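First the structure, in the form of structure tokens, and then the observations on it.
The values are calculated or read from the model by the stated rules, or taken from the named source; none is laboratory data. Being a predicted model, the structure only gives us computed values, none of them experimental. Backbone-built Cβ (ideal geometry, glycine too); neighbour counts: all protein chains shown. Remember, those area values only see protein heavy atoms, side chains included, never the ligands or the DNA or RNA. Shrake-Rupley method; radii C 1.70, N 1.55, O 1.52, S 1.80 Å.
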Amino acid sequence: QSDDSDKSSKESDSETEVEQVSGYHKLLATLKTSPESESEEEEDESESEEAEESEAEMGSEGSQETGEAEEGIEDKNDVPEEEEATDTAEQMLSQEQADGTDTSCDPCHGVIEEFTDVKHESEFSLETNFMEEESGDCNADRRDSNPFKQHMDKELEEKEIEKMSTLPKTSSQSQWPRLGQVVFSSTLEKQKTFKADKEFDVKQLHLHKPLESTWPKVNKQFLSAADKPTDSSFTPLQRELFCIMNSYRDLFYPERSALTNGEEIRHAYCLHALNHVLKANAQVLSNNARRRDRKPGTDTDDHRDQGLTRPKVLMIVPFRECALRIVHLFISLLEVNDKKKIDVSNKKRFKGEYGSDPEEKPPNLKRPEDYEAVFAGNIDDHFRIGIAILQKSMRLYAPFYSSDIIIASPLGIRTVIGAEGEKKRDFDFLSSIEILIIDQADIYLMQNWEHVLHLMKHINLLPLDSHGVDFSRVRMLNLNNWSKYYRQTLLFSALQDPQINSVFNKHCFNYMGQVAIRNVPLTGSISHIVVQLPHVFRRLEADSVTSMIDGRFQFFIDKVLPEYRDAIMSHTLIYVPSYFDYVRLRNYFKKEDLNFTHICEYTKKAAVCRARRFFLKGEKQFLLFTERFHFYKRYTIKGIRNLIFYELPTYSHFYSEICNMLKATDSGVDATWTCTVLYSKYDAQKLAAVVGIDRTAQMLQSKKNVHLFVTGEN
């Protein structure tokens, strides 16, 4: 099918207008288009192909003649945005947030009539079922060393809660063999130094009965011969991560890679989540039997084993493919052998909605390996699904209030939570979440980070309705509204970013404390640049992060842009990570009547094609280019001679990737190539990822511009 955006009768890149028609989903849709509509992605820039694309686009839109006409249409709403540029970021984020809600009625996401399984309600009810003798160790939940019991049965005192709410955390560091520098922080009294177990047996982990036998089989694909002498079921990375997970501390691991350790990590957190749910449900079923057999008048206060609502684990993942892999993992972990298959309701429907057709992917598209790994399978980003697990059965599409685990994308969960003032909104099901897993957090920076913040504001709140709960079975921690102090948060990302750090530092309250991996890059992505290129890092000063936005813009138009206005500085690509900065720059360029073109994540394919052609031929001196467009498309832009990084890239490897695009330009002019980077003291993490920690320290101490020359051999 062709891209939805091609159906529009006019091209409005005025940003706020575009978002109202769900720009992210159009963008994702273009990744799954037919081979015919992807022809310009072959990177050969042939004139005939581009002409065909342009003609087809013009035919469908009717009113567009050139890139200039497109810009004229956009201009209508641009000036007001430019005038409010100082505070536009927050306004546009809230606009984007509202736009995400509107997409719940978008037919292309298949959520107009959301399916939930109501047929199997009684079979999966925790209240009416009892523990089967062979399904697990009925006494497992009573072992003193069981981490689950230790964590959930701990009774905090009022003064401890007050301490966690008011006092700062104390931190300590240690070096672990595989994870590297591990920072442990806690508000409560300083605990013993937390060390990694060099080796452990699966039986020491107190896994629920089926998992002890299934885990080694499910995980064997990651094990090498070198791992087997110490432990036959965990890789060194998994061993250390699971050690932290199983201690019920919060975890932030910013070195997840879709190419290398992504699946390894997914296996580890799925084991932990499933182990938690099986133990929690086994405890409830065992107590059901005890309550059934008790004598009348017996005190039942020791049977407090539930939250105010049933969902215990919330897993936030970016695409349907991720949810598919998680569910397959759960099934594999629950099936002891081929003879003991578990009953999975609605499995066929789930495969149809979350699977993908291999033939959908256009052939001959050359993309980096990391791109292929991230965008594998079904990449729809609007979904949510409830899963109930009871002994030997799994129920997919369970209603949320009958689910143990909820798997959702940020947008999928956001459309259920809704916004203040909306009639149809619900977040009670988040009230008793005990484990929150946010995987691939860096991708949400490229989607809509506001959805993640919205979720964090609505998790572990007291429900507005009782939802039929038996209050005699509810834990006191839930009744006291202390759930957030018991919730474990597991956060995985490919990078360290201030926004991700903020969620971990400000929204995680686990009384057990937090563990963050804080390794510093030694070399940086600049060492992967293969072209000879002088890099000038220009430092700008600012008093705060907020004043940095205006400071960067002013520095750019006063100090940097005048050097590039001369005609000999043509073929200048300006890389802009922030969408809001892009809008502001584009408006300024139009106001100053500069000879430029622009590409962002909302630009239509024919307009992208024209912009690339104009830039290659030198008909346009400047190309404004957004980071999110590069993230979703990864085109090679030809014709670059001068590079300006308005801000350092979110992903450090994008720096070397963009710089290496110069090799696609005629090598005869390489002597005139330039690369200018704007940075400030607030960009320390991004800077270290690009130039390495040693250079970063020197650059932050110096007030002068830094000149680096990369020979292509570094």
statement: The condition from (1) closer than 21 Å to Ser652 by Cα; (2) β-branched (Val, Ile, Thr); (3) free of Cβ contacts under 8 Å to residues at least 40 places away in the same chain that Thr546 misses is numbered (1)
Residue check, Gly618 at positive phi, free of Cβ contacts under 8 Å to residues at least 60 places away in the same chain and either β-branched (Val, Ile, Thr) or open to solvent by less than 40 Å² (accessible area, probe 1.4 Å) (or both): yes
query: How many residues does the stretch 461-491 hold that are touching an Asp or Glu at 6+ places or on another chain (Cβ under 9 Å) and in a helix (DSSP H, G or I)?
result: 7
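When you look at Gly513, is it open to solvent by 30 Å² or more (accessible area, probe 1.4 Å), assigned by the TED database to the domain that holds Ile244 and either of a type in the set (Gly, Ala, Ser) or within 24 Å of Thr166 (Cβ to Cβ) (or both), yes or no?
Working: open to solvent by 30 Å² or more (accessible area, probe 1.4 Å): no; assigned by the TED database to the domain that holds Ile244: yes; either of a type in the set (Gly, Ala, Ser) or within 24 Å of Thr166 (Cβ to Cβ) (or both): yes.
So Gly513 fails the test.
Kindly indicate whether Ser345 is of a type in the set (S, T, N, Q), more than 17 Å from Asp470 (Cα to Cα) and touching a residue at least 12 places away in the same chain (Cβ under 8 Å). Walk me through how you get there before you give the answer.
Working: of a type in the set (S, T, N, Q): yes; more than 17 Å from Asp470 (Cα to Cα): yes; touching a residue at least 12 places away in the same chain (Cβ under 8 Å): yes.
In short, yes.
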query: Which residues, counting only those in the stretch 584-599, are surrounded by fewer than 23 Cβ atoms within 10 Å (Cβ to Cβ) and either in the same structural domain as Glu372 (by the TED database) or hydrophobic (A, V, I, L, M, F, W, C) (or both)?
result: Phe589, Leu594, Phe596
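Take the conditions over 30 Å from Phe614 (Cβ atoms), outside the structural domain of Phe622 (by the TED database) and surrounded by fewer than 19 Cβ atoms within 10 Å (Cβ to Cβ) and apply them to Leu490. Does it pass?
Numbers: over 30 Å from Phe614 (Cβ atoms): yes; outside the structural domain of Phe622 (by the TED database): yes; surrounded by fewer than 19 Cβ atoms within 10 Å (Cβ to Cβ): no.
No; evaluated as a whole, the condition is false for this residue.
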task: Within the stretch 343-391, count every residue that is surrounded by 17 or more Cβ atoms within 10 Å (Cβ to Cβ), more than 27 Å from the chain's Cα centre (by Cα) and either at negative phi or among the acidic types (Asp, Glu) (or both).
output: 3
- prompt: If you check every pair at least six apart or on different chains, which have Cβ atoms under 7 Å apart with a residue in the stretch 574-594 that is in contact (Cβ under 8 Å) with a residue 40 or more places away in the chain first and a residue that is among the aromatic types (Phe, Trp, Tyr) and assigned to a helix (DSSP H, G or I) second?
  reply: Val576/Tyr582; Arg584/Phe553
- prompt: Among the listed residues Ser578, Ser547, which satisfies the condition of being of a type in the set (Ser, Thr, Tyr), out of contact with any helix residue (DSSP H, G or I) (no Cβ under 6 Å at 6 or more places or on another chain), open to solvent by 40 Å² or more (accessible area, probe 1.4 Å) and farther than 18 Å from Asn642 by Cβ?
  reply: Ser547
query: Conditions: (1) touching a residue at least 60 places away in the same chain (Cβ under 8 Å); (2) farther than 29 Å from Glu434 by Cα. Ile379 meets all but one. Number of the miss?
result: (2)
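Kindly indicate the residue of the stretch 410-450 that is of a type in the set (Phe, Trp, Tyr) and more than 11 Å from the chain's Cα centre (by Cα) and also most open to solvent (accessible area, probe 1.4 Å) among those meeting that condition.
Just the residues of the stretch 410-450 that are of a type in the set (Phe, Trp, Tyr), to begin with: 427, 429, 444, 449.
So of that shortlist, the ones also more than 11 Å from the chain's Cα centre (by Cα) come out as 427, 429.
Working: Phe427: 34, Phe429: 1 Å².
Only one residue fits best here, namely Phe427.
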- prompt: When you go through (1) over 27 Å from the mean Cα position of the chain (by Cα); (2) under 19 Å from Met569 (Cβ atoms); (3) outside any loop (DSSP other than H, G, I, E, B) one by one for Lys663, which number turns out not to apply?
  reply: (2)
message: Can you report the number of residues in the stretch 506-527 which are part of a loop (DSSP other than H, G, I, E, B), in contact with a strand residue (DSSP E or B) (Cβ under 6 Å, 6 or more places away or on another chain) and closer than 16 Å to Gln488 by Cα?
response: 3
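Quick one: is Ala494 in contact (Cβ under 8 Å) with a residue 60 or more places away in the chain, part of a strand (DSSP E or B) and of a type in the set (Gly, Ala, Ser)?
So Ala494 does not fit the description; no.
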message: Just to verify a result, which residue in the stretch 244-267, among those that are under 21 Å from Asp370 (Cβ atoms) and aliphatic (A, V, I, L, M), is least open to solvent (accessible area, probe 1.4 Å)?
response: Ile265
- prompt: Within the stretch 660-714, which residues are modelled with pLDDT under 85, among the hydrophobic types (A, V, I, L, M, F, W, C) and surrounded by 14 or more Cβ atoms within 10 Å (Cβ to Cβ)?
  reply: Ala664, Val706, Leu708, Val710
- prompt: Using beta carbons and a limit of 7 Å, which pairs, at least six apart or on different chains, have the first residue in the stretch 166-190 and under 23 Å from Glu264 (Cα atoms) and touching a residue at least 60 places away in the same chain (Cβ under 8 Å) and the second one among the aromatic types (Phe, Trp, Tyr) and open to solvent by less than 20 Å² (accessible area, probe 1.4 Å)?
  reply: Val182/Trp176
message: When you scan the stretch 220-228, do you find a residue that is out of contact with any Lys or Arg (no Cβ under 9 Å at 6 or more places or on another chain) and open to solvent by less than 10 Å² (accessible area, probe 1.4 Å), even just one?
response: no
